[in-house]
Amino acid sequence: MDKSLHVVLMYLLVHLGLIFFLYPNDIISSSDEGQWLPIAIGLLFHFVLVWIYMKGLSFFPKQNIIHIYSEMGRGFAIFFLLPVFMYLMLVNIIGVRAYSEIITIIFLSNTPSWAIIILFLSISGYLAAKGVEVIFRTGILLALIFIPIIFFVSIASFQNVDWHYLFPLIDDDFHFMTTPSYMKSFSAFIGGFLFLGFTAPHLTYDRKKVLIAAALLIPFFVLAVYIPVLTFGQGTASRFMFPYIMTVDSTYINWLMFDRVTMFFILCLVTFIMLHLSLLLWMAYQIMNHWFPHQPFYSVLPFTIVIFITSIMIIDWKTVERLLWWNSFLQFYVLLTIPLSIYFIGRRRKGRT
Amino acid sequence: MRTIPVKLLIILCSVFLLNGCWDTKDINHRSLPIVMGVAMEDDQYNIHLQIPDPGTDTMQVRIVSETGETVSKAVDKLSADMESRIDLLHVKVIVIEKELAKEGGKDLISGFMRAREVSPKALVVVSDEEIESFFSNLNNTTDPQGTTLFDFFDKDAGWSPQIALTRVWEVYRSIHSFTRDVALPIIKSGDSTVIDHLGSAVIKNGRMVERIDEEETLLINAFHEESTHGKVEVMEEATVLIVGNTMDHKSRYIDQVPYLNSQLHLKVVLLETRGNPTDKEIRTSLETQLTNRFNEMFTKLQESKADVLGLGQYFREIPREELKKWRSEHYPKLKMEFEVHVVIRNEGQLKLGGD
């Protein structure tokens, strides 16, 4: 069944959730000037990998990556899918922990983080146990309600922009390539598209439409970095944990009855993140289900319990940052090998027939 | 059938999770100050808070004060002593005593930005008199709502174009920026009016270094293309009302010397005349008056090496390493050319020279 709209909206939501929190800080601290260059390189990676991934998947209509690998043999499947499974669990743990901490830093300063983690896990676990259709339908609902708010806030955040901060435009050395924070910023560039390979045979989509969605995201990737830089200047913006949130916080909208628009903005993004987490849980279930067929409930529940316990054990933000850094290696490995291997398997099979 | 109890359980659990009543304090158990005064007394912060206290029929305003090593400590002490918890969420104006502003409020401002309890949109103001007497005068004369000070700076209420408007985040930005300083309004409690506006304090790296008067603040606001709409300018020949302003800048950087040509385009309407001046006379008179005033102010600012006008912003092509020295090396060398172009949009109900 063609469900391009579902997939496209999901693609947008997942990435929007990734863009606005950690990514601006990563880019701003990786380069002092001319931030468009690291952004452009990241986006290039994004487009190339998504294109290769979808091209590879198009050789196997009605098959997801689990089917593709298991057709190649049991060892093959374990070799590729086990890292993916580990990656999904790790991203889930870090995601739950990082975002619960972000919420305490930004607004719920008195709430203990375990309560926020339970909230995250119970909602996304419930969605994941209900299956992929439910997740994608929820996506449509969230998109309808919240994307206008995101849009409004993005426009409002232009309020204090000083275009002179755009200069200097060119950073003559490429030292940002080697900084850890630039590596971490890739979780926003390449961390969100893995699900495209899992949706078949439940949902199928038009490749071109997904690429259009990726193009729609370009302004958000640019704005999330440039609005803080243009408002505060690089020197000040690099001192903030969450530069974009700070910028939204400093916009003053006289006629709006709400004093802090930031709250709406953050809550919208948090729902997107919950959706992303549920998608990750569901993907992990799919891999488990392939080896040991069972009901989704029986694997989602242990997953959430494991994630809960592990994320409770992470005590401070420093550990979260270290885990993010370690995870970036696994992420590069998974998100480079999967699209490329799918593409080559597909090419080979096409050549054979 | 088996799933119904499970669903019920989930619904029940979410009732506990989703109500948001974690460590909650109801609004009647919270105090929401709107003005905060900060002074320094022998290495201790002295905090004054103005808290509107809604009674059954009337609104009362309470002033509470406390000292502590840090602002949070003082607020915490106050919270402990009071019957309700203090929530700085709605602080709209932060009044800093002049002495503290001169010593430097860098840590104070960073603290506000870090803890996020005070909104980064709160206005920062310098008090010319002691914070103690400022607050007690404010309380004696203030209206029952307790929002006088906030209204004074509100663009929809009492603000006028010769008052600088600077928010916490802007002060924070100026501390870490290479090319930008801020002006904070200086006020004291007045005799007939509640507040007396005395001009602006020039803050460089979080420290007050210079003082400028109201008329000069107007030029700064005009320079930043804030609307100067409604300001009355008095000259020998006539009195005019400013109804519009725009700026144009041209910057050049030749042989390590920055040059800037700035043009202020003003639209005015005529209010009163003295004698029979011509259109041209009025314009030239206004142009010279403003240009002289600007040049005087600029010399003063350049001497204090504080870039309130944000002129460094027009020289962003200077490499970053050099830009770090903007205030100390390049800014004092800056050659500034300021021109005013006045357009008299209309002469009112009477023809010029008609009376």
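The values are calculated or read from the model by the stated rules, or taken from the named source; none is laboratory data. The shown structure was predicted, so the numbers you read here are calculated from the model rather than taken from an experiment. For neighbour counting, all protein chains shown are included, and Cβ atoms are generated from backbone atoms with ideal geometry for every residue, glycine included. SASA here: full protein model, heavy atoms, side chains in, ligands and nucleic acids out. Shrake-Rupley method; radii C 1.70, N 1.55, O 1.52, S 1.80 Å.
Quick notes
- Matching residues in the stretch A:243-263 - criterion: being of a type in the set (Phe, Trp, Tyr), more than 10 Å from chain B (Cβ to nearest Cβ) and in contact (Cβ under 8 Å) with a residue 40 or more places away in the chain: A:Tyr244
- Only strands (runs of 3 or more DSSP E) whose full extent lies in the stretch B:172-283 are considered here, and the ones with at least 1 residues that are of a type in the set (Lys, Arg) and modelled with pLDDT of 85 or more are B:182-189, B:195-204, B:207-212, B:238-254, B:257-273.
- Single condition A:Gly34 does not satisfy, out of (1) more than 14 Å from chain B (Cβ to nearest Cβ); (2) out of contact with any Gly (no Cβ under 9 Å at 6 or more places or on another chain): (1)
- Close pairs (7 angstrom Cβ cut-off, 6 or more residues apart or separate chains): within 11 Å of chain B (Cβ to nearest Cβ) in the stretch A:165-180, of a type in the set (Val, Ile, Thr) and surrounded by 14 or more Cβ atoms within 10 Å (Cβ to Cβ) anywhere: A:Tyr165/A:Val229
- Pairs, first within 12 Å of chain B (Cβ to nearest Cβ) in the stretch A:100-113, second of a type outside the set (Val, Ile, Thr) and open to solvent by 40 Å² or more (accessible area, probe 1.4 Å), C-beta under 6 Å, six or more apart: A:Asn110/B:Asp23; A:Thr111/B:Trp22
- Hits in the stretch A:210-267 - residues which are farther than 20 Å from A:Ser185 by Cβ, touching a Pro at 6+ places or on another chain (Cβ under 8 Å) and part of a loop (DSSP other than H, G, I, E, B): A:Ser250
- Note on the stretch B:257-269: residues that are hydrophobic (A, V, I, L, M, F, W, C), buried (at least 18 other Cβ atoms within 10 Å of the Cβ) and touching a Lys or Arg at 6+ places or on another chain (Cβ under 9 Å) total 2.
- Output for the stretch B:284-314, where each listed residue is touching a Phe, Trp or Tyr at 6+ places or on another chain (Cβ under 6 Å), at pLDDT below 90 and part of a helix (DSSP H, G or I): B:Gly312
- Checked against the criterion of being open to solvent by less than 60 Å² (accessible area, probe 1.4 Å) and aromatic (Phe, Trp, Tyr), the candidates A:Trp326, A:Trp282 yield just one match: A:Trp282.
- Residue satisfying condition, being within 21 Å of A:Phe232 (Cα to Cα) and of a type outside the set (Asp, Glu), within set A:Pro148, A:Pro112, A:Pro168, A:Pro180: A:Pro168
- Only listed residue being open to solvent by 40 Å² or more (accessible area, probe 1.4 Å) and either of a type in the set (D, E, K, R) or more than 14 Å from chain A (Cβ to nearest Cβ) (or both), chosen from B:Ile187, B:Ile254, B:Ile195: B:Ile254
- Matching residues, the stretch B:264-280, being over 35 Å from the mean Cα position of the chain (by Cα) and either over 12 Å from B:Glu237 (Cβ atoms) or not acidic (Asp, Glu) (or both): B:Arg274, B:Gly275, B:Asn276, B:Pro277, B:Thr278, B:Lys280
- All conditions but one from (1) among the aliphatic types (A, V, I, L, M); (2) crowded, with 21+ Cβ neighbours inside 10 Å; (3) within 12 Å of chain A (Cβ to nearest Cβ) apply to B:Ile318; the one that does not is (2).
- Those residues of the stretch A:75-110 which are among the charged types (D, E, K, R) and either under 20 Å from A:Leu196 (Cβ atoms) or surrounded by 20 or more Cβ atoms within 10 Å (Cβ to Cβ) (or both), in sequence order: A:Arg97
- Here B:Ile131 meets each of (1) within 19 Å of B:Glu226 (Cβ to Cβ); (2) in contact with an Asp or Glu (Cβ under 9 Å, 6 or more places away or on another chain); (3) β-branched (Val, Ile, Thr) with one exception, condition (1).
- Apart from one condition, B:Ala164 fits all of (1) modelled with pLDDT under 90; (2) within 11 Å of the chain's Cα centre (by Cα); (3) within 12 Å of chain A (Cβ to nearest Cβ); the exception is (3).
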